[in-house]
Amino acid sequence: MIMRTEVPRRLTILGSTGSIGTNTLDVVRQLGGRDAFEIMALTGNGNIELLAEQARKFGARLAVTADENRYAALKDALSGSGIAVAAGVSGLDEAAGLDADWVMAAIVGTAGLAPTLRAARRGANIALANKECLVSAGELFLDAVSSGGGLLIPVDSEHSAIFQCLDKSQRHALERIILTASGGPFRACTREEMAGVTLQAARSHPNWSMGLKISVGSATMFNKAFEMIEAKHLFGVRPDQIEVVVHPQSVIHSMVGYVDGSVIAQLGVPDMRTAIGYALSYPVRSALDVERLDFAKLARLDFEAPDETRFPALRLARTALERGGLQGAVLNGAEEAAFAAFVAERIGFLDMADVVEAVMDQLAGLGSAGEIADVVQADAEARRRARDVVSKMAAA
Ligand code: NAD
Ligand code: MG
């Protein structure tokens, strides 16, 4: 692995206007701003005003909106700044291809796959928030990282925790990975209560402030399902070595268990800036102004087993892990389509898992991905079938 530690680090943020993106820019500011980081490219989608403001403030070389219809607006907003402007898929590709040593992959969904792959292939160190890259493309994404020769540092809080707890010299002694889950806003609800919940209720996470997609994914626990698959690829463990425990306070971010019975945990307040700062400073730790844990105030930490009847997403993740191959891409594509249907109020909260399960069963026979085109095709097919299942449900 190539270790690049020049200062200032050249950084591109794919998805700078989102929850992870804005937190990343706050970390950049805290770590020294332009003295510590040279911002190569920032990308967004709909929020042109924020993207332009970020690009000016941090002196980005290139600003990109994924939405081609907003190119003129972005160009306008940055006129006279000297900042280059691009749009669409080719714009994202250009951003990922610029010579940044570090790329924060913080686009939501499979839209992040192509630009993150591009950055990985050219050897950038990847700070990975966009877990969909690993859920959908798994080994192919890891191959791209190793062929490029850069580092892959997880930003997802659970995987950052595991990464921090892993004793790299004792990999043979690793027994299990224990992912913690908050249980989301419906942890204590009955299935009957969950059936009628609104988008507004589903998006209100008890501990973390996050983007819409992942907030709803925390409520269904599809986010944890993705994280199980993410963990398998990142840490090279078997599916039976991955456990999930519900821990409502979100203070223990995840744990690693060894063959001698020892369990190592990483703790902190639920603030993504710690995991982001860890990734962007790697291999050193940098000081961050985030709230400190006060154990006396905390008083207690609770744990409970997850309930797979109310949260079938966890069972579906195990199925996908057992089947292997393109099942991660199918799970992810079907879930994105089911989520869109829930947001559009076409289906109910619990229907999302039913849609995903139906599509996974239909496409259970798909084999392995030989190339990224297979992943893209499986993803598109899963979405198409999910939309069909949704239409039938909506008509019933
Ligand atoms: P968000 O919705 O707040 O932000 C998403 C970003 O992606 C925005 O910059 C948006 O402009 C951009 N984007 C949206 N659609 C796009 C498209 N079609 N093409 C290109 N860009 C597009 O999401 P987020 O919560 O910041 O999550 C980003 C990623 O990080 C997700 O993969 C999520 O699972 C992961 N993650 C987030 C958190 C968190 O605390 N928010 C924690 C762990 C992992
Ligand atoms: Mg997480």
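The values are calculated or read from the model by the stated rules, or taken from the named source; none is laboratory data. Model, not experiment: these values are computed from the prediction. Don't worry about glycine lacking a Cβ; one is built from the backbone with ideal geometry, like all the others, and counts go over all protein chains shown. Accessible surface is based on the protein model in full, side chains and every heavy atom, while ligands, DNA and RNA are left aside. Shrake-Rupley method; radii C 1.70, N 1.55, O 1.52, S 1.80 Å.
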Residue match in segment 198-206 (condition: of a type outside the set (S, T, N, Q) and closer than 30 Å to residue 143 by Cβ): no
Contact list, first residue from segment 56-67 and in the same structural domain as residue 78 (by the TED database) and in contact (Cβ under 8 Å) with a residue 40 or more places away in the chain, second anywhere and buried (at least 16 other Cβ atoms within 10 Å of the Cβ) and in a loop (DSSP other than H, G, I, E, B), beta-carbon distance below 8 Å, six or more apart or interchain, is 66/45; 66/107
Within segment 108-117, work out how many residues are surrounded by fewer than 24 Cβ atoms within 10 Å (Cβ to Cβ) and either polar (S, T, N, Q) or within 16 Å of ligand 2 (Cβ to nearest atom) (or both). 3
Residue identified as in contact (Cβ under 8 Å) with a residue 60 or more places away in the chain, within 30 Å of residue 349 (Cβ to Cβ) and touching a helix residue (DSSP H, G or I) at 6+ places or on another chain (Cβ under 9 Å) among 219, 201, 279: 219
Can you go through 120, 96, 161 and tell me which one is modelled with pLDDT of 95 or more, farther than 27 Å from residue 320 by Cα, within 16 Å of ligand 1 (Cβ to nearest atom) and open to solvent by less than 10 Å² (accessible area, probe 1.4 Å)? 96
Hey, among the residues in segment 164-179 that are within 16 Å of ligand 2 (Cβ to nearest atom) and open to solvent by 10 Å² or more (accessible area, probe 1.4 Å), which one's farthest from residue 275 (Cα to Cα)? 178
Name the single residue, out of those in segment 38-58 being more than 12 Å from ligand 1 (Cβ to nearest atom) and of a type in the set (A, V, I, L, M, F, W, C), that is surrounded by the most Cβ atoms within 10 Å (Cβ to Cβ). 41
Residues in segment 342-360: is at least one β-branched (Val, Ile, Thr) and open to solvent by 10 Å² or more (accessible area, probe 1.4 Å)? yes
